[in-house]
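Below: one structure, written as structure tokens.
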Amino acid sequence: AQSVTQLGSHVSVSEGALVLLRCNYSSSVPPYLFWYVQYPNQGLQLLLKYTTGATLVKGINGFEAEFKKSETSFHLTKPSAHMSDAAEYFCAVSKNNQGGKLIFGQGTELSVKP
Amino acid sequence: EPEVTQTPSHQVTQMGQEVILRCVPISNHLYFYWYRQILGQKVEFLVSFYNNEISEKSEIFDDQFSVERPDGSNFTLKIRSTKLEDSAMYFCASSGGTSEQYFGPGTRLTVT
């Protein structure tokens, strides 16, 4: 079975500060890992994904995440937060096959203070 | 840029009524999904659909739920007799030949 745990339901940072959103996963098979963002009253937008290959993956809007198998983690980072980054962020895992369902974490709400 | 669309954006229904939520996936995609998000909770998988049949479903997806691809473009989720606990945001998603799923904006279902 697969599962995802996101540490911290709410993270608050100042504009320009580092953003770090934590995600740990459990999977009995090599996982595919994803970060999605949800802005208010909108659907889920893919930020980035890890499937195979390079463990540091870069996504949209300056976000990146590193797959660490030994730590079963896939933390999301951004060097400098912008006000527009305020949203809900979801980490998700799937099996490494086409058509596989996504298993989501509980989500982390990111607030950015001016 | 192609996108997944969903209608309606908000549906209010009375307990026991049937509802149909509609989705238009990205045109060349082959895999289709429904997820739901109860207010304040995580996004949960309901069902996946491929080659005109259900490929996987969750425990939530009981006999009250059904999915259909009635034509070449629409993908629907039907709830036969709604319950209060069915109130949630329902998301449709689709994917092509990769693991990447594209989500629609969601339909907020309110059961009164």
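Side notes on the structure shown:
- Total residues in the stretch A:58-75, condition under 15 Å from residue A:4 (Cα atoms) and free of Cβ contacts under 8 Å to residues at least 24 places away in the same chain: 2
- Matching residues in the stretch A:36-62 - criterion: being farther than 28 Å from residue B:104 by Cβ and at pLDDT 95 or above: A:56
- Per the listing A:28, A:70, A:3, A:12, the residue uniquely at pLDDT below 95 and in contact with a Ser or Thr (Cβ under 7 Å, 6 or more places away or on another chain) is A:3.
- In the stretch A:44-57, the residues that are at the interface with chain B (Cβ under 7 Å from one of its Cβ atoms) and under 16 Å from residue A:30 (Cα atoms) reach residues that are assigned to a strand (DSSP E or B) and aliphatic (A, V, I, L, M) with C-beta atoms within less than 8 angstrom, at least six apart or across chains, in these pairs: A:49/A:33; A:49/A:57.
- Number of the condition not met by residue B:44 [criteria: (1) more than 12 Å from chain A (Cβ to nearest Cβ); (2) in a strand (DSSP E or B)]: (1)
- Complete set of residues in the stretch B:10-25 that are more than 12 Å from the chain's Cα centre (by Cα) and either within 13 Å of chain A (Cβ to nearest Cβ) or in a strand (DSSP E or B) (or both): B:10, B:11, B:12, B:13
- Exclusive hit being at pLDDT below 95, basic (Lys, Arg), on the phi < 0 side of the Ramachandran plot and more than 15 Å from the chain's Cα centre (by Cα), set B:83, B:42: B:42
- In this entry, residue A:65 is excluded by the filter for residues that are modelled with pLDDT of 95 or more, of a type outside the set (Asp, Glu), in a loop (DSSP other than H, G, I, E, B) and more than 21 Å from residue B:40 (Cα to Cα).
- Selection status of residue B:55, polar (S, T, N, Q) and closer than 18 Å to residue A:101 by Cβ: yes
- Per-region count, the stretch B:40-67, residues within 23 Å of residue B:14 (Cβ to Cβ) and touching a strand residue (DSSP E or B) at 6+ places or on another chain (Cβ under 7 Å): 7
- Residue match in the stretch B:8-20 (condition: touching a residue at least 24 places away in the same chain (Cβ under 8 Å) and within 18 Å of residue A:92 (Cβ to Cβ)): no
- Residues in the stretch B:50-68 that are closer than 25 Å to residue A:95 by Cα, in a loop (DSSP other than H, G, I, E, B) and away from chain A (no Cβ under 14 Å): 1 in all.
- Only one of the numbered conditions (1) closer than 15 Å to residue B:42 by Cα; (2) free of Cβ contacts under 8 Å to residues at least 60 places away in the same chain is violated by residue A:107, and that is (2).
- Residue match in the stretch A:1-8 (condition: within 25 Å of residue B:38 (Cα to Cα), within 14 Å of chain B (Cβ to nearest Cβ), part of a strand (DSSP E or B) and among the small types (Gly, Ala, Ser)): yes
The values are calculated or read from the model by the stated rules, or taken from the named source; none is laboratory data. Just so we're clear, the structure is a prediction, and the values are computed from it rather than from any experiment. Glycine gets a Cβ as well: all are built from the backbone with ideal geometry, and neighbour counts include every protein chain shown.
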